[in-house]
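This report concerns only the one structure given below.
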Ligand SMILES: CC(C)(COP(=O)(O)OP(=O)(O)OC[C@H]1O[C@@H](n2cnc3c(N)ncnc32)[C@H](O)[C@@H]1OP(=O)(O)O)[C@@H](O)C(=O)NCCC(=O)NCCS
């Protein structure tokens, strides 16, 4: 297991290992997994591609003021937004190597519980940002931290990404708690780094390095 301080030691070796040669560009879309997006489960949760029938519960979940306050979902969130997301935006992002947006459901009942997504950060080789939310009535049961855990496992096994990030408004204590629970480390707080619905805000940058 790599210690965080190690990244500043033996840097050339690590650079060579991660990049496999100077010409390799991990921001290149060809480094994104080929084929259809996966389905991930731990027996309790199923993290899977969005389906057209998810639009109905997605639009309900996204009415929640906390989701609109802390995430970049459209506000107000309409039926058309949900349909477009599950049928066009999410599948196209995967196909074009711009990330994976997945539904989090109950593995036994199929109930919609929330969402997770992973998006390579443009211009940064081997770096991707993870985002998430849970349905308001399903919170504080480990849904999102377990779903992020599945997503992280898949990332290390199936992509060549080297670093995962969470960008959290420091006022969002629930999201900061998820970051810690999932083993991310706070790199620092970037002052006025974000803009959300017209308001500038600080961004707590959490990271997790490939083990
Ligand atoms: C943040 C959010 C995704 C957490 O989802 P969740 O499924 O309830 O999280 P979990 O149950 O996995 O909880 C993980 C940890 O966070 C803690 N936590 C969850 N909600 C919390 C809250 N409101 N205040 C403090 N801690 C909280 C849990 O206690 C747990 O910590 P523990 O392991 O020490 O017990 C959910 O509150 C949410 O959807 N919020 C609105 C959208 C959002 O903020 N998205 C993130 C944008 S960066």
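Please treat every number below as a calculation from the coordinates, not as lab data. Since the structure is predicted, the reported quantities are computational estimates derived from the model, not experimental observations. Backbone-built Cβ (ideal geometry, glycine too); neighbour counts: all protein chains shown.
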Inset, instruction - For segment 105-211, just say rounded, prolate or oblate: build the C-alpha gyration tensor, square-root its eigenvalues into a ≥ b ≥ c, call rounded for a/c under 1.5, and beyond that prolate if a/b exceeds b/c, oblate if not. - result: oblate
Inset, instruction - Could you compute the FRET efficiency for residue 202 and residue 139, with r as their C-beta to C-beta distance and R0 at 25 Å, rounded to 0.05? - result: 0.60
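Just to verify a number: FRET efficiency for residue 69 and residue 95, C-beta to C-beta distance, R0 = 45 Å, to 0.05?
Using R0 = 45 Å, I get an efficiency of 0.90.
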Inset, instruction - Find how many whole Å separate the alpha carbon centroid of segment 147-199 from the alpha carbon centroid of segment 111-128. - result: 10 Å
Inset, instruction - Can you figure out the FRET efficiency of residue 107 with residue 171, using R₀ = 35 Å and their beta-carbon distance, to the nearest 0.05? - result: 0.60
Inset, instruction - Compute the separation of the alpha-carbon centres of segment 31-66 and segment 77-95 and state it in Å as a whole number. - result: 11 Å
Inset, instruction - Using Cα pairs closer than 8 Å and at least 6 residues apart in sequence, work out the relative contact order for the chain, in percent. - result: 18 percent
Legend entry - Whether segment 136-198 is rounded, prolate or oblate, judged on the alpha carbon gyration tensor where a/c under 1.5 counts as rounded: oblate
Inset, instruction - Can you bin the chain into rounded, prolate or oblate? Criterion: square roots of the alpha carbon gyration tensor eigenvalues sorted a ≥ b ≥ c, rounded for a/c under 1.5, prolate for a/b above b/c, oblate for the rest. - result: prolate
Legend entry - the chain - mean residue ellipticity at 222 nm from DSSP helices (-39,500 (n - 2.57) per run, n ≥ 4, rounded to 500): -7500 deg cm²/dmol
Legend entry - Debye log10 I(q)/I(0) for segment 95-156, one point scatterer per Cα, at q = 0.28 Å⁻¹: -1.22
